[in-house]
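Working notes for the structure below.
The values are calculated or read from the model by the stated rules, or taken from the named source; none is laboratory data. What you see is a predicted model, and the numbers here were worked out from it, not measured in a lab. Please note: Cβ atoms are built from the backbone with ideal geometry, for glycine as well, and neighbour counts cover all protein chains shown.
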Amino acid sequence: MSIDESTMSATEATIGIDEATMSTSESAKTKKKGPTPAEQDVELANFISQSRVTIETILAPPEILALLPKRYTVAKLNEGLALQSTAQNSFTARQTAIGDETAANTAVTEGRKAAYDRYVHFRETTRAEFRGQAERQALGVVGTIPVDTEKLLTQAKASYTAAGQAPYATALEDLGYDAAGRSAALATVTTLQTARATQEMRRTAAIAATATRNADAKTLREWMQALHRVTKASLRNHPELLGRL
């Protein structure tokens, strides 16, 4: 039978393993324990696909179905196909959610770089124009740029807003920070804020999609394990039929 006990056990392990990246071994010579997340996904995809093949094979030739217990009717096997479809849809939805999260992560990385680079330019420009400590403090360009993204956003937004006030606005007009320049600089802040909000939303969606996929795959796995035990017992004297599954 194609879905044997070893396949079931491996799939069961797949469902329970956390999606986080597995820690690497301290020694390059140390063998990895267990499959990687990518290998787990492939294994689970194969299990879901093979489940449909097995059920449809049982439904196709009447001689197999006739040897199964009466409770395994066409309707009963169609229930299994419905569980398989649900698991397949959940698997696909989770893959999409992970892709969306990855795209959101990239957008945040790119957005932070754009906001950081623009703020560095602003600081260099204003520090060159205004040498007084009081002026620099008013523009928020003293000290170093915050490493924390939220602090960077807060400080950059405050600096750009201050740059629009007298007497700084007039002095900065010919240095790239007139109304249009300040608006463009503020846009990098807004873009990053939006990207971070989207990132959190996508991360939450990916977590939910993973939980749904795992639950649906677990339900299918349990149903298929029961079917496997029944077919193995019912077809023990018919190896030629068992071999089709």
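Can you list the helices (runs of 4 or more DSSP H) lying wholly within the range 22-134 that have 3 or more residues being at pLDDT 95 or above and hydrophobic (A, V, I, L, M, F, W, C)? Before you say what the answer is, go through the steps one by one.
Numbers: elements: 37-59, 62-67, 74-129.
Counting at least 3 such residues, we get 37-59, 74-129.
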Residue set 106, 149, 102; condition of a type in the set (S, T, N, Q), over 18 Å from the mean Cα position of the chain (by Cα) and under 21 Å from residue 190 (Cα atoms); output residue 149
Practice task
Kindly establish whether residue 70 is surrounded by 13 or more Cβ atoms within 10 Å (Cβ to Cβ), within 30 Å of residue 234 (Cα to Cα) and free of Cβ contacts under 8 Å to residues at least 12 places away in the same chain.
Solution key: no
Inside the range 135-146, the number of residues satisfying the requirement of being assigned to a helix (DSSP H, G or I) and touching a residue at least 24 places away in the same chain (Cβ under 8 Å) is 3
Listed by first then second residue, the pairs whose first member lies in the range 147-160 and is under 19 Å from residue 197 (Cα atoms), whose partner is hydrophobic (A, V, I, L, M, F, W, C) and in a helix (DSSP H, G or I), with beta carbons under 6 Å and at least 6 positions apart or on separate chains, are 153/189; 156/189; 157/189
From the option list 195, 211, 217, 226, single residue qualifying as crowded, with 19+ Cβ neighbours inside 10 Å and more than 26 Å from residue 152 (Cβ to Cβ) is 217
Selection from the range 94-123 of residues buried (at least 20 other Cβ atoms within 10 Å of the Cβ) and of a type in the set (Lys, Arg) yields 94, 123
For the range 149-179 the number of residues that are touching a Ser or Thr at 6+ places or on another chain (Cβ under 9 Å) and not in a helix (DSSP H, G or I) is 2
Checked pairs for the range 39-63, first over 17 Å from residue 222 (Cβ atoms), second among the basic types (Lys, Arg), C-beta under 8 Å and 6 or more apart or across chains, list as 57/244; 61/244
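Working carefully through the options 194, 188, 210, find the one that is out of contact with any helix residue (DSSP H, G or I) (no Cβ under 6 Å at 6 or more places or on another chain), farther than 24 Å from residue 76 by Cα and either acidic (Asp, Glu) or in a helix (DSSP H, G or I) (or both).
Among 194, 188, 210, only 194 is out of contact with any helix residue (DSSP H, G or I) (no Cβ under 6 Å at 6 or more places or on another chain), farther than 24 Å from residue 76 by Cα and either acidic (Asp, Glu) or in a helix (DSSP H, G or I) (or both).
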